[in-house]
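Novice: Pasting a structure below so you can have a look.
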Amino acid sequence: MPGTIKISERLIGADRPVFIIAEVGVNHNGDLGLAKRLVDAARDCGADAVKFQTWVTEKLVAPDARMAEYQVRNVGKQESQFAMLKRLELSHDAFREIKDYADACGLLFFSTPDEEDSADFLDKLGVPLFKIGSAEVTNLPFLQHVARKGKPIILSTGMSTLGEVEEAVQMVEGAGNHQLVLLHCVSDYPAQPQDCNLRAMDTLKEAFPYPVGFSDHTLGIDIAIAAVARGASVLEKHLTLDKAMPGPDHVMSLDAGEFAKMVRAIRTVEAALGTGRKQPAPAELGTKRVVQKAIVAARNVPAGRQLTREDLALRRTSGGLPARYMEVLIGRETKCPIMTHQMVSLDMLA
C-alpha cells in the first residue's frame, strides 16, 4: 500500500483528500497580469495549488528545434520551439511576484523547472516542492540534481515504461529523497480517453511505495473524475480563462467554470469512496429496523409448547429477532403464551 508524504501542511496519499493542482503551465501567454488572473481563478475554483513552468529558453532548447505536432496544431502555425517558448517565458522577477500573489491568495504555488538553473532559482524562491515533467523521466542527471535539494517531488510519467519509471525512482531515492508522488500521464494534447489506461495507476501503486495520481490532458472532466474514483491521490488539470486564446495548451484546458465543476465532482466522489469497511451507513439504520424481517408467531402459541416451524413466521416489524435465528428457536419450549404476529423474544422461551 503506497504511503503518504507531506507537502507544506498537507498530507498526500490514500485516504487523504485529493490534492487538486490547477496547471497554469504556459497559459499566461507570457503576461504577468494574466498569470495573476489565473491564480485568482484557481483559488475561486477550489484548487489546492497552482502550478507554472519555469525555464530559460536559451538553456532549454536549440534554436532550430521544431515544434511538436500538437503545438503546431494548437497554435495554428509552424515556427521554431525557441521562438514559441521565448514568447511564453516569464522572468524570475515575474515568478517572485506570482508566488507572493499566490501566497496572499492562500494557494500553494510551485512550478516545473525545465533545466537545472531554473530548479536552482525555484529552490531559492522557496517553493515547497518540485514538479518534474514527463520529458525528464529519463533525464537521470537532472532528477538527481533536483532530488538532492531535499524537497518533495511530483513526477509525471507520460511516455515512460515501467522500467524507465523504476530507474527514475531509484535515482531520486539514491539522492536521499523519498518524498515522491508518481503521476500517470498521457503526453498528448489533448489526450484521447482510449489512450488513458487508468489501470496503469494500479501498476504504479503495486510497484512503488509512493502516492499515485493522474495528470489529465483529456478534454472535459470525465476522465479526471474516473481517475479519482480509481484512487488517484493527486489530480492535475490545465486551467485557462479562455480556450480560444492563442497558445499551445488553451484548447485542451478547462475554463474556470469547468474547473470548478470538476473540483465539486472530485469532492463528491472522494466522499463517496468511504473507508472500505463493509458495514451499514448511519443513514441506513432506521430503514434496516423496519424493512428487515423478524421472527413472529404464525398463530397463537400456548405456554409449555415446543416450537415448530409452523408456529413461526417472518414479517417486517419494528424490531425483534432477525430471520437468521429461526432454526435456533425451533424445539425451544415457550414459558408464556405468544399471540399471532407477536414478536418472539428469547426471554419468552425456556
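Novice: Report ³J(HN,Hα) in whole Hz for each residue of the stretch 63-76, in order, from the Karplus equation J = 6.51 cos²θ - 1.76 cosθ + 1.60 where θ = phi - 60°; Gly and Pro get x.
Specialist: Once rounded to whole Hz, the list reads x, 9, 5, 7, 5, 5, 4, 5, 5, 4, 4, 7, 7, x.
Novice: Here's something else I'd like to know. Could you work out the Rg to Rh ratio of the stretch 153-235, with Rh taken as the Kirkwood radius (inverse of the mean 1/r over all Cα pairs)?
Specialist: So for the stretch 153-235, dividing Rg by the Kirkwood Rh gives 0.97.
Novice: Please work out whether the stretch 98-179 counts as rounded, prolate or oblate from its C-alpha gyration tensor, where a ≥ b ≥ c are the square roots of the eigenvalues and a/c under 1.5 means rounded, while otherwise a/b larger than b/c means prolate and anything else oblate?
Specialist: Details: a/c = 2.17, a/b = 1.85, b/c = 1.18.
Prolate, because a/c is 1.5 or more and a/b exceeds b/c.
Novice: If Rh is defined by the Kirkwood formula over all Cα pairs and Rg also comes from Cα, what ratio Rg/Rh do you get for the stretch 203-295? Provide the component values of the computation, followed by the final result.
Specialist: Working: Rg = 19.3 Å, Rh = 16.1 Å.
Result for the stretch 203-295 is an Rg/Rh of 1.19.
Novice: Show that you can apply the helix-only estimate: for the chain, add -39,500 (n - 2.57) for every DSSP H stretch of four or more residues, divide by all residues, and state [θ] at 222 nm to the nearest 500. It would help to have the intermediate numbers written out before the result.
Specialist: Numbers: 13 runs with 122 residues, N = 350.
Dividing the helical sum by the residues of the chain leaves -10000 deg cm²/dmol.
Novice: Would you kindly derive the ³J(HN,Hα) couplings of the stretch 246-260 from the backbone phi angles with the Karplus curve 6.51 cos²θ - 1.76 cosθ + 1.60 (θ = phi - 60°), listing them in order in whole Hz, with x for Gly and Pro?
Specialist: Residue by residue, the stretch 246-260 yields x, x, x, 10, 4, 5, 9, 8, 8, 7, 4, x, 5, 5, 4 Hz.
Novice: Above 20 angstrom, tally the Cα pairs of the stretch 138-198 and express them as a % of all pairs, no decimals.
Specialist: 29 percent
Novice: Students often forget the sequence filter, so: which lysines lie under 24 Å Cα-Cα from LYS335 once same-chain residues fewer than 8 apart are removed?
Specialist: Partners found: LYS293.
Novice: Ok, one more. At 1.4 Å probe size, put MET159, MET252 in order of accessible surface, largest to smallest.
Specialist: Largest to smallest exposure gives the sequence MET159, MET252.
Novice: In square angstrom, rounded to the nearest 10, how much accessible surface does ASP103 have for a 1.4 Å probe?
Specialist: Estimated to the nearest 10 Å², ASP103 gives 80 Å².
Novice: What does the C-alpha gyration tensor say about the overall shape of the stretch 37-137? Classify as rounded when a/c is under 1.5, otherwise prolate if a/b is larger than b/c, or oblate.
Specialist: prolate
Novice: Here's something else I'd like to know. Suppose R0 equals 45 Å; then what is the FRET efficiency for ARG267 and MET339 from their Cβ-Cβ distance, rounded to the nearest 0.05?
Specialist: 0.30
Novice: Then there's this: Restricting to bridges with both residues inside the chain, how much of the DSSP beta-bridge set is antiparallel, in percent to the nearest 5?
Specialist: Restricted to the chain, the bridges split so that about 30 percent are antiparallel.
Novice: Lysines within cross-link reach of LYS77: Cα-Cα under 18 Å, excluding same-chain residues under 8 positions apart?
Specialist: LYS86, LYS243
Novice: Which pairs break 20 Å Cα to Cα here: LYS59/LYS131; LYS36/LYS151; LYS151/LYS237?
Specialist: Violating the 20 Å Cα-Cα cut-off are LYS36/LYS151; LYS151/LYS237.
Novice: Considering only protein heavy atoms, what is the solvent-accessible area of VAL186 at a probe of 1.4 Å, reported in Å² to the nearest 10?
Specialist: 30 Å²
Novice: Shifting gears a bit: Using only Cα atoms, find the angle between the long axis of helix 32-45 and the longest principal axis of the chain, and express it within 0 to 90 degrees, rounded to the nearest 10.
Specialist: Tilt relative to the chain: about 0 degrees.
Novice: Further, regarding this structure: I'd like to know how the stretch 238-349 sits against the 2.2 N^0.38 Å rule of thumb: what's its Cα Rg over that expected value?
Specialist: So the Cα radius of gyration is 2.17 times the expected 2.2 N^0.38 Å.
Novice: Helix 92-104: angle to the longest alpha-carbon principal axis of the chain, degrees 0 to 90, nearest 10?
Specialist: Helix 92-104 sits roughly 30 degrees off the main axis of the chain.
Novice: With every protein chain left in place, what is the accessible area per residue of the chain in square angstrom, probe 1.4 Å? Before the final figure, lay out each step's value.
Specialist: On the way: 16500 Å² over 350 residues.
Result: 47 Å² per residue.
Novice: Please compute the length gained on full extension between THR138 and GLU310, using 0.36 nm multiplied by the number of residues separating them and subtracting their Cα-Cα distance.
Specialist: 54.4 nm is the gain from fully extending THR138 to GLU310.
Novice: From the backbone phi of the stretch 127-137, what are the Karplus-calculated ³J(HN,Hα) couplings (6.51 cos²θ - 1.76 cosθ + 1.60, θ = phi - 60°) in whole Hz, Gly and Pro given as x?
Specialist: Using θ = phi - 60°, the values come out as 5, x, 7, 10, 9, 10, x, 4, 4, 9, 4 Hz.
Novice: At 0.36 nm per residue, minus the direct Cα-Cα distance, what do ASP202 and LEU241 gain on full extension? Give it in nm, one decimal, please.
Specialist: Difference between extended and current length: 10.7 nm.
Novice: Take the alpha-carbon centre of the stretch 158-237, take the same for the stretch 256-320, and report the distance between them in whole Å.
Specialist: 39 Å
Novice: Another one. Looking at the chain, I'd like the Rg to Rh ratio, where Rg is from alpha-carbon atoms and Rh is Kirkwood's inverse mean 1/r.
Specialist: Rg divided by Rh gives 1.26.
Novice: Can you put TYR189, TYR325 in order of accessible area, largest first, using a 1.4 Å probe?
Specialist: Ranked from most to least accessible, the order is TYR325, TYR189.
Novice: Any chance you could run the full-extension gain for GLN78 through ASP100? It's 0.36 nm times the residue separation minus the Cα-Cα distance, nm to one decimal.
Specialist: On the way: separation 22, 0.36 × 22 = 7.92 nm, distance 3.56 nm.
Computed gain between GLN78 and ASP100 is 4.4 nm.
Novice: Considering only protein heavy atoms and a probe of 1.4 Å, how much of the accessible area of the chain is carbon and sulfur, as a whole percent?
Specialist: It is 51 percent, rounded to a whole number.
The values are calculated or read from the model by the stated rules, or taken from the named source; none is laboratory data. Just so it is clear, the model here is predicted, and its values are computed rather than measured. Please note: Cβ atoms are built from the backbone with ideal geometry, for glycine as well, and neighbour counts cover all protein chains shown. Quick note on the areas: whole protein, heavy atoms, side chains included, nothing else; ligands and nucleic acids left out. Shrake-Rupley method; radii C 1.70, N 1.55, O 1.52, S 1.80 Å.
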